[in-house]
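Undergrad: Please find one structure pasted underneath; my questions will follow.
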Amino acid sequence: MSVMKKGIKYIIGSIIAGIVIFNSLYFRPLDEKLRDGSKVSFDAKSFVDSIWTTELLVVYDSATEIATLIDELKINSQSTFEQKAQSLGIGNIGYFKVKGEGTVLSVNENNVLLQVANKTIEIETEFIFGNAVRDASGLIKVSDYDETSDFNSISESINDKIRKEVVPDFRAKVKKNDKVSFKGALELNKAHLHLIQPEVVPVFIQIIQ
Amino acid sequence: MNMINYRLFYVALIAVMIFSCTNSTDQQRDSQKKVAVIISTLNNPWFVVLGETAANSAKELGFEATIFDSQNNTSLETDHFENAIASGYDAILFNPTDADGSIANVRMAKNAGVPVFCMDREINATDAATSQILSDSYAGCVAIGKYFVEKLNKKGKYVEILGMVGDNNTWSRSKGFHSVVDHYTDLKMVAQQSADFDRNKAMEVMESILQVHPDINGVFCGNDAMAMGVYQALVSVGKADRVMVFGFDGADDVINSIQQKKMMATGMQFPKLIARTAANYAQEYFNGKRDFAQKVPVTVEMVNRENVNEYVAFGE
């Protein structure tokens, strides 16, 4: 009888131990864990939609004429960077808000080349990536975001909006010799300053005739 | 009477001089601040530059500085923090081993009144470190991603070698790269594996991947040490000329490899700039400043075959 009792005790004990172990351990594939690492809970798209017209495009109204900016950079790059560039932290990269009007020189696979005054300007239509538009605006600060990935996702949403809403209509209609008006962001490196054919990421671009 | 006055005067003068000397020695001892430089690993040249520059910068500012190697081990890092606090260090210039695992160590120092300045790697808390001086890995890898797409002509098979899964830089770099590359559906990622930022592991991982995917066109690596390991694996199977390798860090061996047309590009981080900034922040803290920006991004610049002659390893 006591042997039977002992057996029952062992069976119940084993069941309890089994339940505890089963609930304590779980296995997940690495690729699932890797996907978790890239999950973002912040809704960057809604945030960008909410500021696009009311704040972002508004700050670009005060952009510098690109031809003027290039001339100023050629004369005194250091002071022009100090006065007009936006940058988030430490380093050589600065972002400028620029605008202008020009004539289309060529429509290429990845960009449209414009003649603006006596300068050749490249309007990006394919490689719209990076932080130029977000950081040139000066509106959004990294310290406002606990998660750096949230801050980075704002740029992704801004670029996505440009790719989907700003560029397609322009790309579909633009042709050589069209006159074009634009506003956008320009990234430059003050230690390695290259001013031949600067690349502008547009926030607004329109064929005016 | 006059004699007595003179004697009293001399005794008082000697006493004042002795007191002044003692006081001055104490002040000197007090003013020699001690700075601990705790680095995730010294088994990687980039972190050696970071740690040595931080220590040298601290010494140039008049502080005593000691480097501690955490050997990528958060427990060892905890020991270093405990030792630094117990030994009376006044500030910690810190390169974390783990974005989550290192938070407790930083909090321990904060609770002991010791400011912590994170260098290069981030911790997932904004109320623990005094300031975090961080490479903008995301933006650097966006630039590399664009170059990658251009050089592969928007099509082909590629492999991504990730760094340590617990480090935020791993994900910032991966996300920056994919924020560009994923827009091109003809670019297929056939393998994505971690090699823990380690050269030898990367070589082993790449050798295994090449057995299954011998027809790849490009490899993006989360740091330069892994890029060198990957390149070695490609050399050993005679594919180094056909597969484009991209790294991240700006280490000397990769800069040389880009100059020699072996590798395509890397993201130039500036470990010396990061370290000097951290040491300067410690000095400002000692001088009474408290309102530091929690996160200070340091820009990353892409070095490629077209501009490599404008750069030196590890930046300026």
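The values are calculated or read from the model by the stated rules, or taken from the named source; none is laboratory data. Quick caveat: nothing in here was measured; it's all calculated off a predicted structure. No Cβ is skipped: glycine too gets one built from the backbone with ideal geometry, and neighbour counts run over all protein chains shown. For accessibility, only protein heavy atoms count, side chains too; no ligands or nucleic acids. Shrake-Rupley method; radii C 1.70, N 1.55, O 1.52, S 1.80 Å.
Undergrad: Provide the gained length on full extension for the span B:ALA86 to B:ASN153, in nm with one decimal, where the gain is 0.36 nm per separating residue minus the Cα-Cα distance.
TA: That pair, B:ALA86 and B:ASN153, stretches by 18.4 nm at full extension.
Undergrad: Rounded to the nearest 0.05, what FRET efficiency do B:ASN287 and B:ASN111 give with R0 = 35 Å and r taken as the Cβ-Cβ distance? Could you check?
TA: With a Förster radius of 35 Å, E is 0.95.
Undergrad: Further question on the same structure: What percent of all Cα-Cα pairs in the protein assembly as shown falls into each 20 Å bin, going from 0 up to the bin containing the maximum distance?
TA: For the protein assembly as shown, the pair-distance distribution reads 20, 46, 23, 8, 3, 0.
Undergrad: Give me the lysines in straight-line cross-link reach of B:LYS33: C-alpha distance below 22 Å, same-chain residues under 8 apart excluded.
TA: B:LYS59, B:LYS110, B:LYS272, B:LYS289
Undergrad: I want the local charge near A:VAL167. Using Cβ-Cβ distances under 12 Å, sum +1 for each Lys or Arg and -1 for each Asp or Glu among the other residues.
TA: Surrounding charge for A:VAL167 is 0.
Undergrad: Summarise the accessible area of the protein assembly as shown (1.4 Å probe, protein heavy atoms) by the percent that is carbon and sulfur.
TA: The computed percentage sits at 51.
Undergrad: Kirkwood Rh and Cα-based Rg: tell me the resulting Rg over Rh for chain A, rounded to two decimals.
TA: Across chain A, the Cα-based Rg/Rh ratio is 1.34.
Undergrad: Mind checking the angle between helix B:137-151 and chain B's longest principal axis? C-alpha axes, 0 to 90 degrees, to the nearest 10.
TA: It is inclined by approximately 20 degrees.
Undergrad: Using DSSP H assignments, which helices in chain A have an axial alpha-carbon span of 24 Å or above and a mean Kyte-Doolittle hydropathy of -0.5 or higher?
TA: Within chain A the helices that satisfy the rule are A:2-24.
Undergrad: Could you please report the charge total around B:GLY218, scoring K, R as +1 and D, E as -1 over all other residues with beta-carbon less than 9 angstrom from its beta-carbon?
TA: After counting each charged neighbour, the total is +2.
Undergrad: Another question, then. Could you tell me which of rounded, prolate or oblate describes segment A:54-101, using a ≥ b ≥ c as the square roots of the eigenvalues of the alpha-carbon gyration tensor, with rounded for a/c under 1.5 and, failing that, prolate when a/b is larger than b/c and oblate otherwise?
TA: oblate
Undergrad: Calculated FRET efficiency, A:ASN76 and A:GLN197, Cβ-Cβ r, R0 22 Å, to nearest 0.05?
TA: Efficiency at R0 = 22 Å is approximately 0.55.
Undergrad: Take the Cα atoms of segment B:185-226, find their three principal axes, and give me the spread along each one in whole Å, biggest first.
TA: Cα spread of segment B:185-226 along its principal axes, largest to smallest: 29, 20, 13 Å.
Undergrad: If you bin the C-alpha pair distances of segment B:115-245 every 10 Å from 0, what whole percents do you get?
TA: 13, 41, 31, 11, 4, 0
Undergrad: Take every Cα pair under 8 Å in chain A that's 6+ residues apart, average their separations, divide by the length, and report that relative contact order as a whole percent.
TA: This gives 23 percent for chain A.
Undergrad: Ok, one more. Cα to Cα, under 25 Å, and not fewer than 8 places away if on the same chain: which lysines meet these conditions relative to A:LYS74?
TA: A:LYS84, A:LYS97, A:LYS99, A:LYS119, A:LYS183, A:LYS190
Undergrad: For A:85-92, what's the mean count of beta carbons from other chains sitting within 10 Å of each residue's beta carbon?
TA: Counting other chains' Cβ atoms within 10 Å and averaging over A:85-92 gives 6.
Undergrad: Kindly state, as a whole number, the per residue volume in cubic angstrom of the convex hull around the alpha carbon atoms of segment A:78-164.
TA: 124 Å³
Undergrad: Please compute the Kirkwood hydrodynamic radius of segment B:29-131 from all pairs of different C-alpha atoms, in Å with one decimal.
TA: 13.3 Å
Undergrad: Roughly how many Å is it from the Cα centre of segment B:43-109 to that of segment B:119-197, as a whole number?
TA: 25 Å
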